[in-house]
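The values are calculated or read from the model by the stated rules, or taken from the named source; none is laboratory data. Given the structure is predicted, the values throughout are model-derived calculations rather than measurements. Every residue, glycine as well, gets a Cβ built from its backbone with ideal geometry; the counts of neighbours run over all protein chains shown.
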């Protein structure tokens, strides 16, 4: 039975959903979409594959639209018109779109998964992260001198969502490697939110140092001025030229008073992480680093082990990030929004704590089982 082409009015609605640019020839897209459907229909007739579910018009139209935009976005109107008159190109575009749709929706390789998006460890945290992002995007952003904390919060919550998506898709080691970045972000966020403006100014100064260090060739005179400033500051702390990169990255920590300046280490583990009060995560951080640097731990990893390790530590990072979010959010919102936040938190935060506890218990049981298997293997 032939797959039916949708009505043009419905297709127009789909193009609107896909936020189609005004320069797109919608007649051309509809014709190409119809040809792509014909291609799929022919494959079904040849019994190349069996259609186990209806064609998703939004996805197929998306592939057609993507092929078209990528092909014509740099062309002028006359070049675009010539392109659209070429029937061979249209047929090829329809065929490619059909192939990509089928590859993605029917023949897509799926990783073995420990968990799916519908399970509470994923769905509950994702709901809370979505709420936070929606609220954070109501604040001014991308102006480091005044929005650094908000920008760091947005990035931290976005990375958390990325970890959840990786876990949902069966990429446990990649998720653990991404947690490493989240952990670095949360440590910076914790320290900056503790010291506020006085330390933020130092942080921004070292951000400028970093830009000069990497892009200094663009303005040699200004770069030389900045490096003279850096040398002068390094001299005050008895640092050598070999310490320049470390000073640029972590010298802003001299603005804290929790470690004597002469004992402060300009690195993540013994500097930033220690001041953030998260030195206890050093061994977990090292495990994530082994994955980042592609050791055998990455290649021969146990999916369940890294799922549990990642979800537990992501939850713990989330709890700390949410605390900073809550303190900032509650101090600057309307009573109605505050009530909405408190109701949402009342329902879901306690659930997240329970989920974290359950995952910790599961990890403990898993490690005990793993230890027994290793003992039996040695025997």
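Here residue 169 clears all of (1) in contact (Cβ under 8 Å) with a residue 40 or more places away in the chain; (2) crowded, with 17+ Cβ neighbours inside 10 Å except the condition numbered (2).
Of all residues in segment 19-33, those satisfying the criterion of being touching a helix residue (DSSP H, G or I) at 6+ places or on another chain (Cβ under 8 Å) and part of a helix (DSSP H, G or I) are 26, 28, 29, 30, 31, 32, 33.
Remark: residue 146 matches the filter, which requires a residue to be modelled with pLDDT under 90 and either assigned by TED's automatic domain parsing to the domain that holds residue 294 or in a helix (DSSP H, G or I) (or both). Residue 335 falls short on exactly one of the conditions (1) farther than 25 Å from residue 188 by Cα; (2) surrounded by 15 or more Cβ atoms within 10 Å (Cβ to Cβ); (3) modelled with pLDDT under 90, and that condition is (2).
Meeting the requirement of 2 or more residues that are in contact with a strand residue (DSSP E or B) (Cβ under 7 Å, 6 or more places away or on another chain) and over 25 Å from residue 146 (Cα atoms), no helices (runs of 4 or more DSSP H) wholly within segment 184-302 can be named. Inclusion of residue 301 among residues that are within 24 Å of the chain's Cα centre (by Cα) and either assigned by TED's automatic domain parsing to the domain that holds residue 235 or within 29 Å of residue 210 (Cα to Cα) (or both) is warranted. All of (1) over 26 Å from the mean Cα position of the chain (by Cα); (2) surrounded by 13 or more Cβ atoms within 10 Å (Cβ to Cβ); (3) within 26 Å of residue 323 (Cα to Cα) hold for residue 197 with one exception: (2).
Applying the set (1) at pLDDT 90 or above; (2) in contact with a helix residue (DSSP H, G or I) (Cβ under 6 Å, 6 or more places away or on another chain); (3) more than 26 Å from residue 258 (Cβ to Cβ) to residue 223 leaves exactly one unmet item: (1).
Among the listed residues 315, 341, which satisfies the condition of being at pLDDT 90 or above, under 26 Å from the mean Cα position of the chain (by Cα) and assigned to a helix (DSSP H, G or I)? Let's see the steps before the verdict.
Values: 341 fails: at pLDDT 90 or above.
The conditions single out 315.
For residue 233, the stated conditions do not hold, so it cannot be described as touching a residue at least 12 places away in the same chain (Cβ under 8 Å), under 23 Å from the mean Cα position of the chain (by Cα), within 21 Å of residue 198 (Cα to Cα) and assigned by TED's automatic domain parsing to the domain that holds residue 355. Of everything in segment 132-153, what is farther than 12 Å from residue 329 by Cα and in contact (Cβ under 8 Å) with a residue 60 or more places away in the chain? Give them in sequence order. Listed by number, the list holds a single entry, 144.
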